[in-house]
Amino acid sequence: MRFASLGSGSQGNSLIVDTGQTKVLVDCGFSNTALSARLARLGASPGDLTAILVTHEHSDHIAGVFSFARRHQLTVYLTHGTYAVAARRQASLPECRMVDGDTPFVVGGLEIRPFPVPHDAREPIQYAFSDGQHRLGVLTDTGAITPHIVDVLRACDALVLECNHDRALLAGSRYPAALKRRVGGRFGHLENGQAAALLGQVDTRRLQHLVAAHLSRENNRPELAAKALASTLGCSEHWIGVADQESGFDWRQMM
Ligand SMILES: [Zn+2]
Ligand SMILES: [Zn+2]
């Protein structure tokens, strides 16, 4: 199993997971043209994909999902809550399958474990993946770490982990007070220290890849995120990947 990012941050998110036989996207916050160009950079094309798994209805995750899925005949997986708020805006829908936030399901050669997260959307979830050999955990857009999140992500071979902001940078930023409260609150986004604390609660002995994701341009710096995560793992900051808004990150293979 391998995975890559097509871009990560408040301007748009999309991740690709590939078992060799099965390729799925997690979210698509980009236009059709932008997504196709970003896929091409990774040597992939829309025709290679089977499905799009949606985490929640915020536009940086869902903006391109329905049009891209319609155009390329992909199945969209999403929760009832996300469907209820996102489908209202659509003139016509691609094939949609409902995801229960606590029930694993299979797409091709991928076992997919959704899990609920505290975030200010209708029914937000995140996903962990297994090809039977390796486990990849993806966690962004959560305001807090719950015991259930720790349980699902407890022994992964690879983690993509939100490091949205640095607490001090957010506090000192020019964001209005209400937005600071929203971003830093329990239903907002994970800060570097929370992400680092999660790493301290899970078994990281199998961890081959760790990538910080969904960084705020205003309120974080790649080196701050890497430093926070490295301090918990006791590894070099250079070992930590950081997903970029423009370029995401290149394929990472699990061995
Ligand atoms: Zn987001
Ligand atoms: Zn969100």
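The values are calculated or read from the model by the stated rules, or taken from the named source; none is laboratory data. Just so you know, these numbers come straight off a predicted model, no measurement behind them. All Cβ positions, even for glycine, are placed from backbone atoms using ideal geometry, and neighbour counts span all protein chains on display. Heavy atoms of the whole protein, side chains included, go into the accessibility calculation; ligands, DNA and RNA do not. Shrake-Rupley method; radii C 1.70, N 1.55, O 1.52, S 1.80 Å.
How would you order 124-134, 155-165, 244-254 from highest to lowest mean count of nearby Cβ atoms within 10 Å?
Working: 124-134: 20.5, 155-165: 24.9, 244-254: 15.7.
Highest to lowest by the protection proxy: 155-165, 124-134, 244-254.
Annotation: amide H of Leu159 within the under-5 Å range of Gly137, His209, Leu210, Val211, sequence separation 5 or more or interchain, hydrogens built in the peptide plane. Applying both filters, DSSP loop and at most 15 other Cβ atoms within 10 Å, to the trypsin sites (Lys or Arg not before Pro) of region 121-204 gives Arg122, Arg154, Arg174, Arg186. Between Arg221 and Leu179, the C-beta separation translates, for a Förster distance of 22 Å, into a calculated FRET efficiency of about 0.70.
Is any helix in the chain, taking whole DSSP H runs, at least 15 angstrom long along its axis by alpha carbon and on average at least 0.0 on the Kyte-Doolittle scale, and which ones? Before the final figure, lay out the partial values.
Details: long enough: 222-233 (17 Å, 0.67).
Span-like helices in the chain: 222-233.
How big is the antiparallel share of DSSP beta bridges in the chain, given as a percent to the nearest 5? Write down the numbers at each step before the final one.
On the way: 26 of 48 bridges.
Counting only bridges with both partners in the chain, antiparallel ones make up about 55 percent.
Largest accessible area first, the residues His238, His214, His80 order themselves as His238, His80, His214 under a 1.4 Å probe with ligands, DNA and RNA left out. Taken over the C-alpha atoms, region 153-255 has Rg and Dmax values of 13.8, 45 angstrom.
Could you work out the relative contact order of the chain, using alpha carbon pairs under 8 angstrom and six or more residues apart, expressed as a whole percent?
Details: 605 pairs, mean separation 49.8, N = 255.
The normalised contact order for the chain reaches 20 percent.
With distances taken between every two different alpha-carbon atoms, region 75-185 has a Kirkwood hydrodynamic radius of 15.9 Å. By DSSP, the beta bridges lying fully in region 76-180 are antiparallel in about 60 percent of cases. Summary of the geometry: region 231-255 and region 1-23, compared by the centres of their Cα atoms, lie 14 Å apart.
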